[in-house]
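The values are calculated or read from the model by the stated rules, or taken from the named source; none is laboratory data. Note that the structure is a prediction, hence the values are computed from the model and not measured. Here the Cβ positions follow ideal geometry from the backbone for every residue, glycine too, while neighbour counts run over all protein chains shown. Calculation scope for accessible area: heavy atoms of the full protein, side chains included, ligands and nucleic acids excluded. Shrake-Rupley method; radii C 1.70, N 1.55, O 1.52, S 1.80 Å.
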Amino acid sequence: MKLSYELVELSAKYPFNIANKDVCGSVFRNVIVRIECEGLVGWGEAAPFEIYGENQKTVISALQTIAPCVEMMKDPWEAEHIMDFLDSKLERNFAAKASIDMALYDLQGQILGLPIYRLLGLSPGRIPDSTYTIGIDSEEMIREKVCEAKDYPLLKIKVGGPGDIETIRIVREEAPSASLRVDANCGWQPRQALRMIEQMVELGVEFIEQPLPAENKEGARWLYERSPLPLMADESCERLEDIPECIGRFDSINIKLAKCGGIRHALKMIGCARAHQLNIMLGCMPETSIGVTAAAHISPLVDYCDLDGAELVGNDPCYGMQFDKGRIVLSARPGLGVGLIASPV
Ligand code: MG
């Protein structure tokens, strides 16, 4: 097999503003990975985030370390071995590893002539609708964005500041019948969070994602015992080993392929979360159709989807799933059914 990659620069349709200033921005530098095997091309994507210790440069360096290992293997059926070997050679680098994992799945599906959801025994009819994200902004811009998203039944509102209740009130005014989910991206402190959440009950918010900084584990337990709304872990739950810590602190977890290392690892997290009665969302980073489609293939297994990453960028160079006002439609193409638009296979 042969590994190659291409750098992509994604421009956000609206500047991506959230409570964590380290991840705000308008440009996202991802890496598209291609693994060739006997005339087939498997695609993957690395969507690195600095808060998890990765960026485009670290991904390139990881891929250069990984390439000889992939090239030594003759087919994608060595995937488990390849991924275990990468874990032993490279610490963390989960976005880079996720891109390899996706490409190997894509090849396996293509060899068998089956889409990945079928390979996993799943029905695309069971995919939950996805939220559409509204970032932190001025009142005028929020009204404009919500108006633009008027046909989306599920909205995810980014908050994390003093005007949060007002923001939700504005969204509720503009979208009286939408389901609202709120993501504070670590932006609150425990007592402030409780006050906010109590007011959000009246505004019909469904649940709150990551109210407190991930390191405030005692605060998370305190809030969980008092919160009138369900709480979801995102920054507090990167990988399988973080799940036990979420018990008694959260009601649900947000799994992202770029955070955990790919489909293989996400499936283990889903099993573990179910064993602990945690609900599950599949989320994404700002990414192309390749990354979100890979996640969509396993989404019949989860309760919620937040896979609007490619909708939020204005220059997605890839094709994959369709996103129809929050409804996710996967094709019946073998593998992931993705690729670069410039060179479809
Ligand atoms: Mg989040």
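Details
- The sole residue among Glu148, Glu206 that is within 25 Å of the chain's Cα centre (by Cα) and within 16 Å of the ligand (Cβ to nearest atom) is Glu206.
- Of the residues examined, Tyr52 is one that is open to solvent by less than 70 Å² (accessible area, probe 1.4 Å), out of contact with any Phe, Trp or Tyr (no Cβ under 6 Å at 6 or more places or on another chain) and within 16 Å of the ligand (Cβ to nearest atom).
- Highlighted here are the helices (runs of 4 or more DSSP H) found entirely within the stretch 222-305 that include at least 1 residues which are more than 16 Å from the ligand (Cβ to nearest atom), surrounded by fewer than 23 Cβ atoms within 10 Å (Cβ to Cβ) and modelled with pLDDT of 95 or more: 243-246, 263-275, 289-298.
- Selection count where residues are more than 11 Å from Ile100 (Cβ to Cβ) and touching a strand residue (DSSP E or B) at 6+ places or on another chain (Cβ under 8 Å), scope the stretch 44-53: 2
- The set of residues in the stretch 209-221 that are more than 13 Å from the ligand (Cβ to nearest atom) and within 11 Å of Arg191 (Cβ to Cβ) contains only Gly219.
- Among residues of the stretch 209-238, those that are under 18 Å from Ile157 (Cα atoms) and in contact with a Ser or Thr (Cβ under 7 Å, 6 or more places away or on another chain), counted: 3
- Residue within the stretch 55-71 that is under 30 Å from Trp188 (Cβ atoms) and either touching a Phe, Trp or Tyr at 6+ places or on another chain (Cβ under 8 Å) or not hydroxyl-bearing (Ser, Thr, Tyr) (or both) present: yes
- Checked against the criterion of being surrounded by fewer than 18 Cβ atoms within 10 Å (Cβ to Cβ), touching a residue at least 24 places away in the same chain (Cβ under 8 Å) and not acidic (Asp, Glu), the candidates Val159, Val201, Val171, Val182 yield just one match: Val201.
- Hits in the stretch 14-40 - residues which are away from the ligand (no atom under 16 Å from the Cβ) and either in a helix (DSSP H, G or I) or open to solvent by less than 20 Å² (accessible area, probe 1.4 Å) (or both): Asn30, Val31, Ile32, Val33, Ile35, Cys37
- Selection within the stretch 68-93 - open to solvent by less than 20 Å² (accessible area, probe 1.4 Å) and either basic (Lys, Arg) or in contact (Cβ under 8 Å) with a residue 60 or more places away in the chain (or both): Val70, Pro76, Ala79, Met83
- Test result for Leu3, surrounded by fewer than 21 Cβ atoms within 10 Å (Cβ to Cβ), within 21 Å of Ile263 (Cα to Cα) and touching a helix residue (DSSP H, G or I) at 6+ places or on another chain (Cβ under 6 Å): no
- Failed item in (1) surrounded by fewer than 24 Cβ atoms within 10 Å (Cβ to Cβ); (2) within 20 Å of Phe94 (Cβ to Cβ); (3) of a type in the set (A, V, I, L, M), with Leu336 passing the rest: (1)
- Matching residues in the stretch 169-187 - criterion: being more than 16 Å from the ligand (Cβ to nearest atom) and not acidic (Asp, Glu): Arg169, Ile170, Val171, Arg172, Ala175, Pro176, Ser177, Ala178, Ser179
- Contact map, the stretch 213-230: first residue under 25 Å from Tyr52 (Cα atoms), second residue assigned to a helix (DSSP H, G or I) and not acidic (Asp, Glu), Cβ cut-off under 7 Å, separation 6 or more or different chains; pairs are Gly219/Pro190; Leu223/Pro190; Leu223/Ala193; Leu223/Leu194.
Quick grid of which residues meet (1) under 19 Å from Arg126 (Cα atoms); (2) not charged (D, E, K, R):
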site: Ile243; (1), (2): no, yes
site: Arg264; (1), (2): no, no
site: Gly271; (1), (2): yes, yes
site: Met281; (1), (2): yes, yes
site: Ile290; (1), (2): no, yes
site: Cys305; (1), (2): yes, yes
site: Gly309; (1), (2): no, yes
site: Ile328; (1), (2): yes, yes
site: Gly335; (1), (2): yes, yes
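- Hits in the stretch 318-332 - residues which are over 15 Å from the mean Cα position of the chain (by Cα), buried (at least 20 other Cβ atoms within 10 Å of the Cβ), in contact (Cβ under 8 Å) with a residue 60 or more places away in the chain and in a loop (DSSP other than H, G, I, E, B): Leu330
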